[in-house]
Amino acid sequence: MIRPERIGHVVIKVRDLERSARFYSEVMGLQIMKMEPEFKMGFFASNGRDHHEIAAMEVGPDAPLPPSHAIGLSHIAFRLRDEAHLRAAYDDLKAHGVKIITAINHGVTKSVYFRDPDGNQLEVYCDGLPDEVAKFPDPYAGMEKLDFAKDAPDFMEAIRELSK
């Protein structure tokens, strides 16, 4: 049996590597570890802890989106330190013109969902506090809108967005 220590990195396909590099460095705050023009790839890490946690591979400007109900990756989640950092991230996303899909208190996490410029779905989240998590009948299935994101679409609006 394989016993991974942790997930090491994710490689995503993008249409425009330079645009993605700007998004992941300027909006998501990741450090550009290496741009590899020969392979049309960029490597990004949070806090420079690893050689990379996300890599982006350019596949061309006409690459189609996968069908919404196809098998594959749903989203990539970035853990933040606490709710104050999540609130700041929400404000930063809005300031950069990023469309918010939804912002939900699941119980175990408080999460903000959105897409990168190529339509890859992303999540920034913080862990729920133990006393708050204990109040949820199912701490994995909470669907309450986050109190600081009243202007974000609600859960049903998000479901419609995610099924596109």
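The values are calculated or read from the model by the stated rules, or taken from the named source; none is laboratory data. Please read these numbers as outputs of a predicted model, since none were measured by experiment. For neighbour counting, all protein chains shown are included, and Cβ atoms are generated from backbone atoms with ideal geometry for every residue, glycine included. Side chains are part of the model used for accessible areas, which takes the heavy atoms of the whole protein and leaves out ligands, DNA and RNA. Shrake-Rupley method; radii C 1.70, N 1.55, O 1.52, S 1.80 Å.
Observations, loosely collected:
- Carbon plus sulfur fraction of accessible area for region 1-134, probe 1.4 Å, in percent: 54
- Distance between region 1-69 and region 73-116 - C-alpha centres, whole angstrom: 18
- Over the chain, relative contact order from alpha-carbon pairs under 8 Å, at least 6 apart, %: 19
- The accessible-area ordering, largest first, of the residues 156, 33, 28 stands as 156, 33, 28, per a 1.4 angstrom probe.
- Among the listed pairs 40/110; 13/99; 99/145, a Cα-Cα separation exceeding 23 Å is found for 40/110.
- Pairs of alpha carbons in region 25-137 whose separation is greater than 26 Å (percent): 27
- 1.4 Å probe accessible area per residue over region 16-164, in Å²: 59
- Put 25, 74, 111 in order of accessible area, highest first, and with a 1.4 Å probe you get 74, 25, 111.
- Once the chain from residue 141 to residue 85 is taken as fully extended at 0.36 nm per residue, the excess over their C-alpha distance is 17.9 nm.
- Counting only heavy atoms of the protein chains and using a 1.4 Å probe, residue 16 has close to 60 Å² of accessible surface.
- Cβ-based net charge around residue 98, under 10 Å, with every Lys or Arg adding one and every Asp or Glu removing one: +1
- Residue order for 39, 78, 155 - accessible surface, 1.4 angstrom probe, largest first: 39, 155, 78
- Charge-dipole axis of the chain as Lys and Arg at +1 and Asp and Glu at -1 on Cβ define it, positive-most pick from 74, 47, 28: 74
- Residue-level accessible surface for residue 34, protein heavy atoms, 1.4 Å, Å²: 100
- Gaussian network model of the chain, springs between alpha carbon atoms under 10 Å - residue of 127, 118, 138 with greatest fluctuation: 138
- Loop-resident GluC sites (Glu not before Pro) (DSSP state other than H, G, I, E or B) in region 18-86 with no more than 16 further Cβ atoms inside 10 Å of their Cβ: 38.
- Since only 10, 139, 102 are under comparison, the one whose Cα sits farthest along the positive direction of the charge dipole of the chain, derived from C-beta charges on Lys, Arg, Asp and Glu, is 10.
- In the complete set of protein chains, residue-level accessible area for residue 75 is approximately 60 Å², probe 1.4 angstrom.
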